Amino acid sequence: MNQMSSLCRLQAAMAAALLALFSFGVLEATAETVPTRIVSVGGSVTEIVYALGQEHRLVARDTTSNYPVEARSLPDVGYVRRLSPEGLLSVAPDMILAEEGAGPPETFEVLANSGLPIVTVPMGYDLPAVQSKIRAVSEALGVADAGEELALQVTADVEEAIRAAGLRDQSVLFVLSMQGGRIMAAGGDTAAQGVLELAGAKNAISGFDGYKLVSDEAVLTAAPDVILMMQSHRRGAVSPGDVLAHPAIAATPAGRNQAVLQMDGMLLLGFSVRTGQAVSELAAGLAAADS
Amino acid sequence: MKLIAENISVTAGQKSLLTDVNFRALAGEVTAIVGPSGAGKSTLISALSGDVSYAGSVRLNGQDIKRLQPSRLARHRAVLVQATPLTFPFTVFEIVRLGMSANADKDIATLALQKVGLAGFEGQYFQSLSGGEQQRVQLARVLCQVWQPVKEGVPRWLFLDEPVSSLDIGHQLRVMKIARHFADQGGGVVVVLHDLNLTTMFADQVALIVGGELVIQDTPSAALTSERLSAAYECDLHVRATPDAGFFLLPQLAHVS
Amino acid sequence: MAATATDVMRRQVGDRTLKARRVTVVLLTLLLLVSVAGLAVGAAETSLWSSLVAWAQGEDLSLRDQIVLLHIRLPRLLTGLLAGAALATSGALLQGLFRNPLADPEIIGVSAGASFGAVCAIVLGAALPFAGKLGAAFLPVLAFAGAWGATLLLYRIATRHGRTSVATMLLAGIALSALTMALTGVLIYIADDAQMRDITFWNMGSLSGANWNKLVIAAPVIFVSLVAAQALGAGLNAMALGEAAARHMGVSVQVVKRLTIVCVAAATGVSVAISGGIGFVGIVVPHVLRLISGPDHKHLLVNSALLGACVLVSADIDARVIIAPAELPIGIITAILGGPFFLWILLRQRGVLDL
């Protein structure tokens with residue numbers, strides 16, 4: 001009996017020691033490969049990082065990453081489409097997490113040659129796209145489980161918002177900007193059209209992709225019921241009043257009913273964690289405009 | 001060695017500037033070209049310099065100038081024409097030096113300036129000089145280009161288009177004496193002049209151009225008669241000789257009625 | 001009592017050749033210093049000194065340091081030197097050719113053509129047949145083709161019977177600029193938001209896209225053009241007195257014109273193609289040098305190349321450092337410094353040179 005218990009104890013001790021060593025080894029290994037100095041490029045990507053609670057691993061961000069507010073205190077490496085390689089390297093990153101479309105290509109070529117891991121997050125303007133984004137970011141950060149949870153939660157939010165929004169008989173024109181009296185509107189394959197469709201409305205204008213300058217006739221033909229704009233806090237930015245006063249818009253149903261809706265840009269167009277909130281706010285706003 | 005121009009005709013569009021002009025000049029002589037405004041004097045000297053396209057032939061020192069590269073032609077003759085305004089702040093010395101070839105003696109520029117009466121002006125900005133001073137600087141540059149009137153037995157030539165137009169009489173005489181001296185040393189001089197007195201004082205031969213045609217080429221006393229000049233310039237001109245100076249005094253305009 | 005304009009002009013000036021040579025030596029030294037700075041200064045913490053020490057001792061540099069020094073800073077430095085030299089020398093060449101201190105490569109259509117080519121690449125890119133094959137080289141190739149196309153067109157318009165009229169070239173250049181601006185406007189009109197931003201950034205210029213692939217092609221072209229340009233010094237001096245006088249002095253005027261235009265189109269075309277629109281270097285650098293050591297082109301061309309290189313690399317150092325880790329487009333810096341400087345030059349020289 002004594003011999004047995006000592007042997008058992010010895011075996012248990014050895015097993016425990018082995019287990020401890022093994023765990024320690026695993027921890028060591030994962031600690032070496034887990035990136036802790038990440039540059040996040042793209043507002044929607046940064047938002048997801050914060051939502052996953054991984055912001056302590058960020059060392060820099062790009063100019064478009066300003067949500068949440070804490071992100072603004074990180075160093076700014078420049079505009080997403082015009083990054084410089086040395087600027088990125090200067091923060092000694094061990095990974096770049098960038099949304100699709102970040103550039104220019106030469107910069108990423110140089111960085112790739114330096115052995116720096118670069119993860120590209122695919123963009124898109126529907127619910128599956130949001131899910132892919134969240135999964136891509138969480139996998140890159142090594143927190144796939146938390147990512148799955150977040151994806152499910154966001155999916156639930158969005159689906160609920162879509163259901164509540166229902167289908168609306170409203171056509172909406174998204175005005176990105178007005179330069180010298182010319183209107184830049186959202187066409188197909190844009191975040192604006194994507195979120196409008198989620199909220200049950202439709203894009204008043206069609207026939208082109210991206211954000212483009214449209215003619216007055218095109219605006220009149222589109223005859224939108226509501227104008228959708230981003231909120232801007234810059235002095236001298238175009239105000240809703242300016243847009244409604246535009247002669248082409250004034251002649252549309254939206255103009256006649258003074259139906260203009262303003263929302264925060266990153267919330268509305270980000271297609272990130274707050275998409276559900278964006279859809280419900282948008283639907284509420286459209287409903288209000290309808291009455 | 002000679003300058004022989006045969007059957008020179010120059011047209012600009014439909015208009016005929018020179019018609020079938022036969023002109024010649026000898027090294028060692030000063031040959032003047034005179035005539036009323038618009039007659040074609042500058043056109044003729046331009047053709048002789050190789051500036052405008054012409055029908056006919058110009059042979060300088062036995063060579064057809066059309067066949068010579070600009071750099072080779074520049075070794076035979078130097079040309080002084082109305083200059084375009086200078087837009088960069090070159091100094092007088094830098095302008096004069098342009099006339100010299102790369103391996104020429106730098107002192108030549110200084111000597112040339114002395115000759116034209118501008119000693120000590122080397123360091124001044126060309127743009128700050130008066131019109132007459134600028135004209136003399138250009139002459140100094142041109143002289144530098146053909147500093148030796150005769151080189152290796154071949155005479156060099158000066159083509160001067162109204163070189164004294166902005167100068168007072170003192171400087172006019174100085175410049176014409178330079179031309180005379182150049183010819184006396186064996187070089188050839190062809191000069192367009194407005195002043196007929198200067199012409200008779202300094203030229204060995206004079207060519208009278210009227211309406212694009214050569215009326216006559218001969219010595220001044222033979223060529224410049226009262227009738228011929230009155231016809232050419234379309235006003236009443238009288239040629240007189242003064243006994244002591246020995247040259248022809250012009251003109252006593254008849255009273256304008 | 002302040003000196004009047006005439007007093008300033010009548011001041012005696014000695015032989016400026018010696019001064020010009022001294023300026024050359026000073027500029028060579030400055031070039032060396034600026035080059036070292038260009039390699040040593042940057043947003044990343046890579047230290048040039050410790051890297052050199054390590055390399056001398058036979059140690060390997062970290063991959064990061066290698067990338068920063070050899071693939072970011074060094075190509076960028078060389079591009080800045082070449083583009084700066086190209087732009088400044090081109091300015092000096094054209095000012096000599098047109099006998100106008102305000103001449104600029106824009107005058108012979110290079111900038112308008114390059115800009116049009118670049119905008120085509122940005123807006124029409126995907127739609128054009130060979131875009132895929134050229135990849136990242138697509139935009140520079142189109143920009144260069146545009147630069148050359150415009151210059152050749154202007155040259156053909158201005159040249160009759162073997163003689164090029166610079167006055168005609170100037171006027172035709174104005175017309176061509178207006179035309180390309182209109183066509184570019186059409187392209188911008190059909191561009192989307194992202195493309196418009198790309199166009200804006202291209203117009204402001206940047207050396208951040210510099211890499212060895214681009215240098216391998218650009219460096220020989222610029223280098224050969226600048227060396228060939230040195231032969232034009234005496235000819236341009238003579239042409240300052242007018243084309244007729246230059247011809248009388250033995251200069252082959254048409255050869256000078258053609259070589260000048262070719263050198264400018266090649267050097268500037270390539271520079272603009274790889275680094276976008278950078279202004280003022282071509283006007284300010286030769287002007288400053290004329291004030292210091294005179295307008296003799298034999299020295300002006302060399303010194304312009306050296307000073308232009310120093311200026312552009314210095315501007316690039318500023319661009320990289322001021323808002324690190326982000327960067328300013330270099331065209332903004334040359335404009336901010338060059339614009340007021342140029343105005344100051346004009347105001348000083350107004351009475352003196354009757355511009």
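The values are calculated or read from the model by the stated rules, or taken from the named source; none is laboratory data. Predicted, not measured: the structure shown is a model, and the values here were computed from it. No Cβ is skipped: glycine too gets one built from the backbone with ideal geometry, and neighbour counts run over all protein chains shown.
Restricting to segment A:99-115, and then to whatever is in a loop (DSSP other than H, G, I, E, B) and free of Cβ contacts under 8 Å to residues at least 60 places away in the same chain, can you tell me which residue is farthest from the other protein chains (Cβ to nearest Cβ)?
Checking each candidate, the answer is A:GLU100.
Please tell me if B:VAL58 is closer than 18 Å to B:ILE4 by Cα and more than 9 Å from chain C (Cβ to nearest Cβ).
Yes, satisfied.
With (1) more than 14 Å from every other protein chain (Cβ to nearest Cβ); (2) out of contact with any strand residue (DSSP E or B) (no Cβ under 7 Å at 6 or more places or on another chain); (3) among the charged types (D, E, K, R); (4) assigned to a helix (DSSP H, G or I) as the list, and A:ASP169 as the residue in question, which single condition is left unmet?
Evaluating A:ASP169 over (1) more than 14 Å from every other protein chain (Cβ to nearest Cβ); (2) out of contact with any strand residue (DSSP E or B) (no Cβ under 7 Å at 6 or more places or on another chain); (3) among the charged types (D, E, K, R); (4) assigned to a helix (DSSP H, G or I) leaves (4) as the failure.
List the pairs whose first member sits in segment A:199-215 and is more than 10 Å from every other protein chain (Cβ to nearest Cβ), whose second member is surrounded by fewer than 18 Cβ atoms within 10 Å (Cβ to Cβ) and part of a loop (DSSP other than H, G, I, E, B), and whose Cβ atoms are under 7 Å apart, counting only residues at least 6 apart or on separate chains?
If the second residue must be surrounded by fewer than 18 Cβ atoms within 10 Å (Cβ to Cβ) and part of a loop (DSSP other than H, G, I, E, B), the pairs left are A:GLY200/A:GLY166; A:GLY200/A:LEU167; A:ALA204/A:ALA223.
For segment B:17-43, how many residues meet the condition of being farther than 23 Å from B:PRO149 by Cβ, of a type in the set (A, V, I, L, M, F, W, C) and outside any loop (DSSP other than H, G, I, E, B)?
Of the residues in segment B:17-43, 4 are farther than 23 Å from B:PRO149 by Cβ, of a type in the set (A, V, I, L, M, F, W, C) and outside any loop (DSSP other than H, G, I, E, B).
Only residues that are in a helix (DSSP H, G or I), at pLDDT below 90 and hydrophobic (A, V, I, L, M, F, W, C): list them for segment C:179-198, please.
C:MET181, C:ILE188, C:ILE190, C:ALA194, C:MET196, listed by residue number.
Pairs only if they're at least six apart or on different chains, beta carbon under 6 angstrom, first in segment C:329-354 and under 27 Å from B:GLN127 (Cα atoms) and within 14 Å of chain B (Cβ to nearest Cβ), second in a helix (DSSP H, G or I) and at pLDDT 85 or above; list them, first residue then second.
From residues that are under 27 Å from B:GLN127 (Cα atoms) and within 14 Å of chain B (Cβ to nearest Cβ), the pairs are C:ILE345/C:HIS287.
Just to be sure before I move on: is A:VAL238 outside any strand (DSSP E or B) and either among the hydroxyl-bearing types (Ser, Thr, Tyr) or modelled with pLDDT of 90 or more (or both) in the structure I sent?
When the stated conditions are applied, A:VAL238 does not pass them.
Out of segment B:89-105, which residues are within 9 Å of chain C (Cβ to nearest Cβ) and surrounded by fewer than 18 Cβ atoms within 10 Å (Cβ to Cβ)?
B:SER101, B:ALA102
Name the pairs: first residue in segment B:168-187 and in contact (Cβ under 8 Å) with a residue 12 or more places away in the chain, second residue among the acidic types (Asp, Glu) and not in a helix (DSSP H, G or I), Cβ to Cβ under 8 Å, at least 6 apart or on different chains?
The qualifying pairs are B:GLN172/B:ASP195; B:ALA183/B:GLU29; B:ALA183/B:ASP204.
Can you run down the residue pairs with Cβ atoms below 8 Å, 6 or more apart or on separate chains, where the first is in segment A:228-248 and without any contact (Cβ under 8 Å) to a residue 60 or more places away in the chain and the partner is of a type outside the set (D, E, K, R) and part of a loop (DSSP other than H, G, I, E, B)?
Qualifying pairs under 8 Å: A:MET229/A:VAL238; A:SER232/A:VAL238; A:LEU244/A:GLN258.
Of the conditions (1) more than 14 Å from chain B (Cβ to nearest Cβ); (2) more than 25 Å from the chain's Cα centre (by Cα); (3) basic (Lys, Arg); (4) over 30 Å from A:GLY187 (Cβ atoms), C:ARG156 clears all except one; give me its number.
The failed condition is (2).
Only one of A:ILE118, A:ILE48, A:ILE96 is under 23 Å from C:ASP65 (Cβ atoms), more than 13 Å from chain C (Cβ to nearest Cβ) and not polar (S, T, N, Q); which? Reasoning before the result, please.
Values: A:ILE48 fails: under 23 Å from C:ASP65 (Cβ atoms); A:ILE96 fails: more than 13 Å from chain C (Cβ to nearest Cβ).
Only one candidate passes the filter, namely A:ILE118.
Under 6 Å between Cβ atoms, which residue pairs at least 6 apart in sequence (or on different chains) link something in segment B:121-143 that is more than 11 Å from chain C (Cβ to nearest Cβ) with a partner that is at pLDDT below 90 and in a loop (DSSP other than H, G, I, E, B)?
These pairs meet every condition: B:GLY131/B:SER166; B:GLY132/B:SER166; B:GLY132/B:LEU167; B:GLN135/B:SER166.
Counting residues that are within 19 Å of C:ILE283 (Cβ to Cβ), which helices (runs of 4 or more DSSP H) fully inside segment C:94-158 reach at least 3? Explain how you work it out, then say what you get.
On the way: elements: C:110-124, C:131-134, C:138-158.
Of the helices (runs of 4 or more DSSP H) lying wholly inside segment C:94-158, those with at least 3 residues that are within 19 Å of C:ILE283 (Cβ to Cβ) span C:110-124.
Answer yes if at least one residue in segment C:295-311 is basic (Lys, Arg) and either crowded, with 22+ Cβ neighbours inside 10 Å or modelled with pLDDT under 90 (or both), and no otherwise.
No, because not a single residue in segment C:295-311 is basic (Lys, Arg) and either crowded, with 22+ Cβ neighbours inside 10 Å or modelled with pLDDT under 90 (or both).
Does C:SER275 count as under 14 Å from the mean Cα position of the chain (by Cα), in contact (Cβ under 8 Å) with a residue 12 or more places away in the chain and within 30 Å of A:VAL39 (Cβ to Cβ)? Don't jump to the end; show me each part of the working.
Values: under 14 Å from the mean Cα position of the chain (by Cα): yes; in contact (Cβ under 8 Å) with a residue 12 or more places away in the chain: yes; within 30 Å of A:VAL39 (Cβ to Cβ): yes.
Yes, satisfied.
Please specify each residue of segment A:119-139 satisfying the condition of being free of Cβ contacts under 8 Å to residues at least 60 places away in the same chain and either part of a helix (DSSP H, G or I) or more than 19 Å from A:GLY53 (Cα to Cα) (or both).
A:THR120, A:PRO122, A:PRO128, A:GLN131, A:SER132, A:ARG135, A:ALA136, A:GLU139, listed by residue number.
Can you name the residue in segment C:180-209 that is touching a Lys or Arg at 6+ places or on another chain (Cβ under 8 Å) and of a type in the set (A, V, I, L, M) and, of all such residues, is surrounded by the most Cβ atoms within 10 Å (Cβ to Cβ)?
Selected residue: C:LEU207.
Kindly indicate whether A:VAL59 is at pLDDT 90 or above, surrounded by fewer than 22 Cβ atoms within 10 Å (Cβ to Cβ) and either in a strand (DSSP E or B) or in contact with a His (Cβ under 6 Å, 6 or more places away or on another chain) (or both).
yes
Got a number for residues in segment A:145-170 being in contact with a Leu (Cβ under 7 Å, 6 or more places away or on another chain) and farther than 12 Å from A:LEU52 by Cα?
Summing the residues that are in contact with a Leu (Cβ under 7 Å, 6 or more places away or on another chain) and farther than 12 Å from A:LEU52 by Cα in segment A:145-170 gives 5.
Out of A:MET178, A:MET229, which single residue is part of a strand (DSSP E or B), farther than 14 Å from A:GLY285 by Cα and not aromatic (Phe, Trp, Tyr)?
Checking each option against the conditions leaves just A:MET178.
Note down all Cβ pairs under 6 Å where the first residue falls in segment B:207-223 and is in contact (Cβ under 8 Å) with a residue 40 or more places away in the chain, the second is charged (D, E, K, R) and surrounded by 14 or more Cβ atoms within 10 Å (Cβ to Cβ), and they're at least six residues apart or on different chains.
Note: pairs meeting the criteria are B:ILE209/B:LYS41.
Mind checking which residues of segment B:73-88 are surrounded by fewer than 22 Cβ atoms within 10 Å (Cβ to Cβ), farther than 23 Å from C:SER293 by Cβ and more than 8 Å from chain C (Cβ to nearest Cβ)?
Result: B:HIS76, B:GLN82.
Considering each of C:ILE323, C:ILE274 in turn, give the residue that is in contact with a Lys or Arg (Cβ under 8 Å, 6 or more places away or on another chain), within 14 Å of chain A (Cβ to nearest Cβ), on the phi < 0 side of the Ramachandran plot and of a type in the set (A, V, I, L, M).
That would be C:ILE274, the only listed residue that is in contact with a Lys or Arg (Cβ under 8 Å, 6 or more places away or on another chain), within 14 Å of chain A (Cβ to nearest Cβ), on the phi < 0 side of the Ramachandran plot and of a type in the set (A, V, I, L, M).
Name the residue that is surrounded by the fewest Cβ atoms within 10 Å (Cβ to Cβ), counting only residues in segment C:210-264 that are part of a loop (DSSP other than H, G, I, E, B) and out of contact with any strand residue (DSSP E or B) (no Cβ under 9 Å at 6 or more places or on another chain).
Looking at residues that are part of a loop (DSSP other than H, G, I, E, B) and out of contact with any strand residue (DSSP E or B) (no Cβ under 9 Å at 6 or more places or on another chain), I get C:SER252.
I'm checking my understanding of the structure. Among residues of segment A:249-273 that are surrounded by fewer than 19 Cβ atoms within 10 Å (Cβ to Cβ) and closer than 15 Å to A:ILE183 by Cα, which one is nearest to the chain's Cα centre (by Cα)?
A:ALA250
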